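Q: One structure is given below, represented as structure tokens, and several questions about it will come after.
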Amino acid sequence: MYELYFQNFRSKVPLSEEQQAMIQKNLAVKKLRKKQYLLQEGDVCKTIAFVEKGALRSYTVDESGAEHIIQFAIEGWFISDLYSFLTAEPATTNIDAIDHSELVLISKSAHEELLKKCSSYETFIRELITGAYIALQKRISSIISLPLEERYESFKAQYPDITQRVPQHMIASYMGLTPETLSRVRRRIAVGK
Amino acid sequence: MAFLAYTQWSTAPCRGNFAVSKRKNMKTKQTIAVIGASGSMGSAISKNLSKGNYRLLLCSNEQGKLKATVQDIKKSNPSADVETIDCSREATWEADIIIVAVPFRAEQEVVKKIKEVANQKIVVSIANPLNATYDGLVTAPDTSAAEELQKLLPNSKVVKAFNTTFAADFTTPVIDGKQVDSFIAGDDEEALQTVSELVKTVGFNPIVAGKLPVSRILENMQFLLIQLGMKYNYNWLAGWKILHK
């Protein structure tokens, strides 16, 4: 239920049994069925979710109804609308389950309490945010500077598990392409090889 | 790359100029598990909550009665998001809010099943711990059914609600032209707010009465109302109303 969460935690920051108990007390577990929402745009995001099992995505929907995927999260990943979580402003994204999922959730009040009380948790979160910032920077840099073929290859290399698990039309949406364009990109790569 | 693989988030943590579309203000649907949903209170609460923006998971030991409750709900409200689930642990695991609609004496058994997956979730205590002859409470004067449930679920947010209203009141939440008050007690502010919304959806006027120990008074209020109901033959259609200016 929390195995992967704490395994993940310990891979970054040492954690005593007491600290683990203190953190676990503050966590909730939640099952989400496929297509069910964790968050809908306009609502305030009250939790950060960690994926123990399954897969989720966060996305925006434009005026024409088209979905634009911002992030995927599979086992071992965190997902949230951090902007809404931190500012208590309405969320700008939707988060839903691509597969049946099992999540570990932390609420804002529990998160803030742990930041004060538990130094390991504070370090862990700092590492996460730092990593998230780097990942975001890489994503932006790749979008504005790499040719499509290289972007797709680098996405595949960076996230092989997601490429396996997620339907191609969602990967296209993540890359800001139509499914047809992504399909052409993949064909060009195949021919090039 | 593994470093990045589990550290990616969706947005940068700053107040900024995100493109927000104008058309939406949807509320994320909350999932409510009603444990003991075939009982008179459990089914009354479920029926009224099905009108709100909730997803309901109903469980009970009496599958036949439970199916009838769901059919009833679907008949009066075909778009209701409601289904039965035969395991209270699974229902709780999926839920954001858990309503324990079983008699006080059965709560320990329920807790054994749901404890692990009820962490940090809102658990609504509706029980009135009356004895078998309805002439006293089985709890000691310095505690209440709600506080006992909180002791059993120390990491959950127990809220007392729906204990000062009879099952019959749910079909008639306005009696003699007055909307019945429904009192709420608990220690977590956000949980109290969420449960107030539930009470409103059901049709009563929510009044936050205080912290969880106030449940002792709320449970005694219903004890009194039951006694008065029997004495003066209120026919189970009675409730509390605070009159004020």
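Q: Does B:Thr143 satisfy being of a type in the set (Ser, Thr, Tyr) and over 16 Å from B:Asn205 (Cα atoms)?
A: Working: of a type in the set (Ser, Thr, Tyr): yes; over 16 Å from B:Asn205 (Cα atoms): yes.
Yes; evaluated as a whole, the condition is true for this residue.
Q: Given (1) touching a residue at least 24 places away in the same chain (Cβ under 8 Å); (2) assigned by TED's automatic domain parsing to the domain that holds A:Ala66; (3) more than 29 Å from A:Val29 (Cβ to Cβ), identify the lone condition not met by A:Ser120.
A: (3)
Q: Another one. Out of B:Val214, B:Val202, B:Val195, report the one residue that is among the β-branched types (Val, Ile, Thr), touching a Leu at 6+ places or on another chain (Cβ under 9 Å) and under 30 Å from A:Lys46 (Cβ atoms).
A: Checking each option against the conditions leaves just B:Val202.
Q: I'd like the residue in segment B:97-118 that is surrounded by fewer than 22 Cβ atoms within 10 Å (Cβ to Cβ) and within 12 Å of another protein chain (Cβ to nearest Cβ) and, out of all such residues, is farthest from A:Thr47 (Cα to Cα).
A: In this case the residue turns out to be B:Lys115.
Q: Find the helices (runs of 4 or more DSSP H) located wholly in segment A:135-193 whose residues include 1 or more that are of a type in the set (Asp, Glu), farther than 25 Å from A:Asn94 by Cβ and without any contact (Cβ under 8 Å) to a residue 60 or more places away in the chain, and list them.
A: The qualifying helices (runs of 4 or more DSSP H) are A:148-158.
Q: Now a separate question. Pull up segment A:21-43, narrow it to residues that are over 11 Å from A:Asp96 (Cβ atoms) and more than 9 Å from every other protein chain (Cβ to nearest Cβ), then point me to the one that is surrounded by the fewest Cβ atoms within 10 Å (Cβ to Cβ).
A: Within segment A:21-43, the match that is surrounded by the fewest Cβ atoms within 10 Å (Cβ to Cβ) is A:Ala21.
Q: Further question: Would you check which residues across segment A:88-121 are closer than 30 Å to A:Glu17 by Cα, surrounded by 22 or more Cβ atoms within 10 Å (Cβ to Cβ) and among the hydroxyl-bearing types (Ser, Thr, Tyr) and list them?
A: Scanning segment A:88-121 gives A:Ser101, A:Tyr121.
Q: To continue, here is another question. With the requirement that a residue be over 14 Å from B:Ala33 (Cα atoms), in contact (Cβ under 8 Å) with a residue 12 or more places away in the chain and either assigned to a strand (DSSP E or B) or among the small types (Gly, Ala, Ser) (or both), what does segment B:69-87 give you? Before the answer, list the steps.
A: Of all residues in segment B:69-87, those over 14 Å from B:Ala33 (Cα atoms) come to B:69, B:71-80.
Now restrict to residues that are in contact (Cβ under 8 Å) with a residue 12 or more places away in the chain: B:69, B:72-73, B:76-77, B:80.
Residues satisfying the conditions are B:Ser76, B:Ala80.
Q: Within segment A:75-89, can one find any residue that is more than 7 Å from every other protein chain (Cβ to nearest Cβ), farther than 18 Å from A:Ser173 by Cα and either among the hydrophobic types (A, V, I, L, M, F, W, C) or part of a strand (DSSP E or B) (or both)?
A: yes
Q: Taking only segment A:90-127 into account, find how many residues are more than 23 Å from B:Thr28 (Cβ to Cβ) and facing another protein chain (nearest Cβ under 8 Å).
A: The number of residues fulfilling the criteria is 1.
Q: Looking at the structure I just gave you, is B:Pro173 in contact with a Gly (Cβ under 6 Å, 6 or more places away or on another chain) and closer than 21 Å to B:Ser43 by Cα? Walk me through how you get there before you give the answer.
A: Numbers: in contact with a Gly (Cβ under 6 Å, 6 or more places away or on another chain): yes; closer than 21 Å to B:Ser43 by Cα: yes.
So B:Pro173 fits the description; yes.
Q: Among the residues of segment A:59-72 satisfying the criterion of being aliphatic (A, V, I, L, M) and facing chain B (nearest Cβ under 8 Å), which is surrounded by the fewest Cβ atoms within 10 Å (Cβ to Cβ)?
A: The qualifying residue surrounded by the fewest Cβ atoms within 10 Å (Cβ to Cβ) is A:Val61.
Q: Looking at B:Glu83, B:Glu62 in this structure, which one is surrounded by fewer than 18 Cβ atoms within 10 Å (Cβ to Cβ), touching a strand residue (DSSP E or B) at 6+ places or on another chain (Cβ under 8 Å) and among the acidic types (Asp, Glu)?
A: Being surrounded by fewer than 18 Cβ atoms within 10 Å (Cβ to Cβ), touching a strand residue (DSSP E or B) at 6+ places or on another chain (Cβ under 8 Å) and among the acidic types (Asp, Glu) holds for just one of B:Glu83, B:Glu62, which is B:Glu83.
Q: Looking at segment B:33-58, I want the residues that are outside any loop (DSSP other than H, G, I, E, B) and have a partner that is of a type in the set (Lys, Arg) with Cβ atoms under 7 Å, at least 6 apart or on another chain. Which pairs are those?
A: Short answer, once both residue conditions are applied: B:Tyr54/B:Lys29; B:Arg55/B:Lys29.
The values are calculated or read from the model by the stated rules, or taken from the named source; none is laboratory data. Because the structure is predicted, anything quoted here is derived from the model rather than measured. Positions of Cβ are backbone-derived with ideal geometry, glycine not excepted, and every protein chain shown enters the neighbour counts.
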